[in-house]
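Notes for the one structure printed next.
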2 protein chains.
Amino acid sequence: MSVDSELVSGASLEAWQRLLRAHCVIARELDVELQSVHGMTLSDYDTLVQLRDCESETLKMSELSRRTMLTRSGMTRLVQGLERDGLVERRSCDSDARVSYAALTPHGHEVLQAARETHHAGIRRTFADHFTEEEAAQLAALLGQVPGALEGDVPCGGGA
Amino acid sequence: MSVDSELVSGASLEAWQRLLRAHCVIARELDVELQSVHGMTLSDYDTLVQLRDCESETLKMSELSRRTMLTRSGMTRLVQGLERDGLVERRSCDSDARVSYAALTPHGHEVLQAARETHHAGIRRTFADHFTEEEAAQLAALLGQVPGALEGDVPCGGGA
DNA sequence: GGCTTCTCGTTGCGCTCGCAACTATCTACA
DNA sequence: TGTAGATAGTTGCGAGCGCAACGAGAAGCC
């Protein structure tokens, strides 16, 4: 069957391909920028943001990996780097000796603040500036229909 | 300045974050599927498609890297793998001894055909099924506004 | 209390891939 | 014809990160 059957509509295929390319172009540029100016990767940044955005600025390793797009092993190594740079410190848990917390340090907070400036300018330049406010909202709504695209879904980070 | 200045609108930021997550979730799933069923990565697949979609099914290495999202060095190694698997063969150029061609073999053509089946079903399941035809067209149009998202742009593959 | 099973974080290993440097070749210009 | 500069492809190296396996600890069940 189906030598030429349309398993996927042309528009969907085109949308997916453009998503792939857009992601690649933008992520690469933002990563280079963040890395050259602040010495951190996109994943580092994302992790720090997750910490800052929760009260107490402290999260369990597994929770961090769940909120970002990393596996637990990836998060272990990423946090090792952040700790080495003094952006984060580790804490143990009294009630459960297995768990380990990562907490934003004051220095980490400062560095994140500076990086935010750079990063948001980058997002604006490479991405936001090419949409009207309405288009951005539309795009966000459409992308939200993809399972796993909404923050809080548990798509892969927590797996394996 | 700007402790809380909005460098990027909330909608834009949300759109970017969702794009990031959607890409991660979908790409990971499609890659795993393609790899387990056909032993090839998403990049392999994309490269084979580029070859199939041009008359003569033959392209220069640099052209391949330009059309995919890979650097020339990445393409060198990727094509080495495809050649080892017999999906592609290398040819030299009569008029320019520097250039090297990659050409789809009959076997490569077959394998690609089979992989297409799997891959398109995957795209449909993880992506296309969550949009109406109209939404997909809208999404494609919006993503097309990102510089570099359109095929034929020369965003990064050709660089370095 | 023991036993099984689950979860947490870490580690060894391997893969993909970009960057920078290198060689070989082509092109331009004198 | 000689030489400088651009370009094609390859390679060494290293970063990022997922997977599978592991040890430590927690929780449920008898």
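The values are calculated or read from the model by the stated rules, or taken from the named source; none is laboratory data. Predicted, not measured: the structure shown is a model, and the values here were computed from it. Here the Cβ positions follow ideal geometry from the backbone for every residue, glycine too, while neighbour counts run over all protein chains shown. Protein only, heavy atoms only, side chains kept; ligands, DNA and RNA dropped before computing areas. Shrake-Rupley method; radii C 1.70, N 1.55, O 1.52, S 1.80 Å.
Computed values, structure above
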quantity: Relative contact order %, chain A, counting alpha carbon pairs below 8 Å whose residues are six or more apart; calculated: 25
quantity: √(5λ) per eigenvalue of the Cα gyration tensor, chain A, largest first, Å; calculated: 33, 21, 14
quantity: Per-pair calculated FRET efficiency, R0 = 51 Å: B:ALA97 and A:GLU133 via Cβ, rounded to 0.05; calculated: 0.40
quantity: Solvent-accessible surface (1.4 angstrom probe) belonging to B:THR41, in square angstrom, nearest 10; calculated: 40
quantity: Highest-fluctuation residue, A:SER62, A:SER100, A:SER43 considered, GNM on chain A with Cα pairs under 10 Å; calculated: A:SER100
quantity: Per-residue HN-Hα couplings for the stretch A:35-44 [Karplus 6.51, -1.76, 1.60; θ = phi - 60°; Hz; x = Gly/Pro]; calculated: 6, 6, 8, 10, x, 10, 8, 4, 5, 4
quantity: Karplus (6.51, -1.76, 1.60) ³J(HN,Hα), θ = phi - 60°, over the stretch A:90-107, in Hz, Gly and Pro reported as x; calculated: 8, 9, 9, 10, 5, 8, 8, 5, 7, 7, 9, 9, 10, 10, 5, 8, x, 4
quantity: Closest approach to the A/B rotation axis among chain A Cβ atoms, residue and whole-Å value; calculated: A:HIS23, 2
quantity: Whole-percent carbon and sulfur share, accessible surface of the stretch B:13-129, 1.4 Å; calculated: 47
quantity: Candidates A:THR47, A:THR76, A:THR68, ranked by Gaussian network fluctuation over chain A, Cα under 10 Å, top entry; calculated: A:THR76
quantity: Those trypsin sites (Lys or Arg not before Pro) in the stretch B:49-135 that DSSP places in a loop and that have at most 12 other beta carbons within 10 Å; calculated: B:ARG98
quantity: Inter-copy separations for A:HIS107, label at 7 Å along Cα-Cβ, nm, ascending; calculated: 5.6
quantity: Residue mean of other protein chain beta carbons inside 10 Å, A:120-127; calculated: 5
quantity: 1.4 Å probe accessible area per residue over chain B, in Å²; calculated: 49
quantity: Expected 222 nm ellipticity per residue - DSSP helices of 4 or more, -39500 (n - 2.57), all of chain A, to 500; calculated: -19000 deg cm²/dmol
quantity: Contact surface B-A: accessible area buried, both sides summed, square angstrom, 1.4 angstrom probe; calculated: 6000
quantity: Among A:VAL79, A:VAL37, A:VAL25: highest mean-square fluctuation, GNM of chain A, C-alpha pairs under 10 Å; calculated: A:VAL25
quantity: For the stretch A:32-56 and the stretch B:43-117, distance of Cα centres in Å; calculated: 37
quantity: Cβ charges +1 (Lys, Arg) and -1 (Asp, Glu), total dipole of the stretch A:1-84, debye; calculated: 300
quantity: Two-site label geometry, B:THR71 and A:ARG90: point separation in nm, points 7 Å out along Cα→Cβ; calculated: 3.2
quantity: 5 angstrom amide H check on B:MET40, placed H, neighbours 5+ away; calculated: B:GLN35
quantity: Taking the stretch B:20-71 and dividing mean pair separation by its residue count, relative contact order in percent (alpha carbons under 8 Å, at least six apart); calculated: 23
